[in-house]
Each structure stands twice: as structure tokens, then as C-alpha cells.
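Quick notes on the structure that follows.
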Amino acid sequence: MLYRDSGPSLTITRLQQVEHETYLTLRAGQAGAAVSEIIEAGTAGPSKAALLVAMTLSVSLRAFGDHRWLHVLIVIITLAGIIGGVSPPPGGMGMVEAGMILGLTAAGVAESAATAEVFIQRPFTSYLPPIWGWAVLVWMRKKEYL
């Protein structure tokens, strides 16, 4: 990003831009603005999130030489999420994966391939994001934004 003023140009890195936007969001919240509305404006809704998860599953399928239409994958992910939501383990751990494997098998993918494809896809969409979120939380606490 490049800002120009009457003086020399100033180059800002992406990290500095994110830091600045986070700071402005927190300051707006302190000033009385509804932070949830600010954050919601900058995030993907549930339909976009489901589409991104379906796309990562599609990439995982293609890595193993399989292919299914995106709308089929969205249905599989939605049904697997429902199965995981009603199951007793916290966050449906294991049940969502089982539902996705069952759905892919029903869609014609071999069971062994479906298992590998799901266990390649799931870490990138469910298990790694909290780790990145923790790193951002530590960073924000260090900068005293929280």
C-alpha cells in the first residue's frame, strides 16, 4: 500500500496495514461503535465460509485424482456439520469427519480415498485456524490492544 502526501511517499507493509485496521476497530469500539457490526462487515458470512470449505475439499479431492461438483460438496459439508452439531463430543470432533467420509463415499468416492481426502482437508479448515488465532491474540496482547 502506498500513501502519497505533499511530501515523500511512504510504503506500508501488509502487517502494518492489518495492525492499523485492528487498532482503528478497537478504538471505534472504545468510542461506542458496535464492534460486532464493524467486525461483521469485514468477515465472510456462513454461505461464503461453506463455499471456501467446499473449495478446500475440492482441492483435496483433486490432489487424489477425484472430482465432485461444488454443489455436491456443499451438501456433504452441510450434512456433516449437522451430524457434528448434534453429537456429544465437543465441536463434533470426529463426527464431522465421519459424516464427510460417509457423504463422499455415498457420492462415489472410494472409502480409503475419502478418508485420506477428509483428513488432508480438515486440518486446514478446522484445526489450524485456532492456532493462528492464538498467535494473533498473543500479538494483540503484546501490543496492548486487548
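The values are calculated or read from the model by the stated rules, or taken from the named source; none is laboratory data. All figures in this text were calculated on a predicted structure; none of them were measured in a lab. Please note: Cβ atoms are built from the backbone with ideal geometry, for glycine as well, and neighbour counts cover all protein chains shown.
Counting only residues that are not in a helix (DSSP H, G or I) and not aromatic (Phe, Trp, Tyr), which one in the stretch 119-146 is surrounded by the fewest Cβ atoms within 10 Å (Cβ to Cβ)?
Glu144
What pairs can you find where one residue is in the stretch 103-131 and not assigned by TED's automatic domain parsing to the domain that holds Val75, the other is crowded, with 16+ Cβ neighbours inside 10 Å and basic (Lys, Arg), and their Cβ atoms are less than 9 Å apart, with a gap of 6+ or different chains?
Close Cβ pairs (under 9 Å, with a partner that is crowded, with 16+ Cβ neighbours inside 10 Å and basic (Lys, Arg)) do not exist here.
State yes or no: is Pro88 farther than 25 Å from Arg62 by Cα, assigned to a loop (DSSP other than H, G, I, E, B) and not aliphatic (A, V, I, L, M)?
Taking the combined requirement at face value, the residue satisfies it.
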